[in-house]
Amino acid sequence: MDPRYQPGPIDVQRDTGVTITYEDGYVAAFDLMALRLGCACAACRGLRERGQDVWPSPTSPLPLRIDDAEMHGAWGLRITWNDTHATGIFPFEALRKWHEDGCAFEFSRYASI
Ligand SMILES: [Zn+2]
């Protein structure tokens with residue numbers, strides 16, 4: 001696999017964000033809110049297509065927080081949020097490309113799943 005898309009250490013700060021150091025030494029820090037709002041799962045895509053916010057819902061606990069994060073195979077990070085949303089998978093390759101573009105656009109544009 002291309003080392004640019006292969007994660008080394010992954011640091012999950014539940015209240016602030018996720019920092020991934022890639023195998024080629026590139027360090028990418030991601031903001032919690034940007035990750036949540038950019039969630040590329042089918043449910044969040046559906047909400048966006050209907051012009052609705054993916055977060056927060058009326059029942060979302062505030063502030064936003066990560067409850068759990070785990071590897072999804074070797075290619076992605078699966079995040080469980082404190083509103084129990086857990087269907088979003090963040091592929092390492094897409095995260096890297098998103099970060100290289102300055103996270104200027106919503107993450108879901110980079111994730112093809
Ligand atoms: Zn989602």
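The values are calculated or read from the model by the stated rules, or taken from the named source; none is laboratory data. Just so it is clear, the model here is predicted, and its values are computed rather than measured. Note: ideal-geometry Cβ built from the backbone for every residue, glycine included; neighbour counts use all protein chains shown.
Of all residues being under 16 Å from residue 41 (Cβ atoms) and of a type in the set (Phe, Trp, Tyr) in segment 58-97, which is farthest from the chain's Cα centre (by Cα)? Just the residue, please. The residue in question is 75. The single condition among (1) charged (D, E, K, R); (2) closer than 23 Å to residue 7 by Cβ; (3) exposed (fewer than 14 other Cβ atoms within 10 Å of the Cβ); (4) within 14 Å of the ligand (Cβ to nearest atom) that residue 78 does not satisfy is (3). Condition check: part of a loop (DSSP other than H, G, I, E, B), under 25 Å from residue 3 (Cβ atoms), modelled with pLDDT of 95 or more and over 13 Å from the mean Cα position of the chain (by Cα). Does residue 51 satisfy that? No: the conditions fail for residue 51. Among the residues of segment 54-74, those identified as more than 9 Å from the ligand (Cβ to nearest atom), in a loop (DSSP other than H, G, I, E, B) and in contact (Cβ under 8 Å) with a residue 24 or more places away in the chain are 56, 57, 59, 63, 64, 65, 74.
Quick grid of which residues meet (1) at pLDDT below 95; (2) surrounded by 14 or more Cβ atoms within 10 Å (Cβ to Cβ):
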residue	(1), (2)
5	no, yes
16	no, yes
20	no, yes
28	no, yes
37	no, yes
46	no, no
57	yes, no
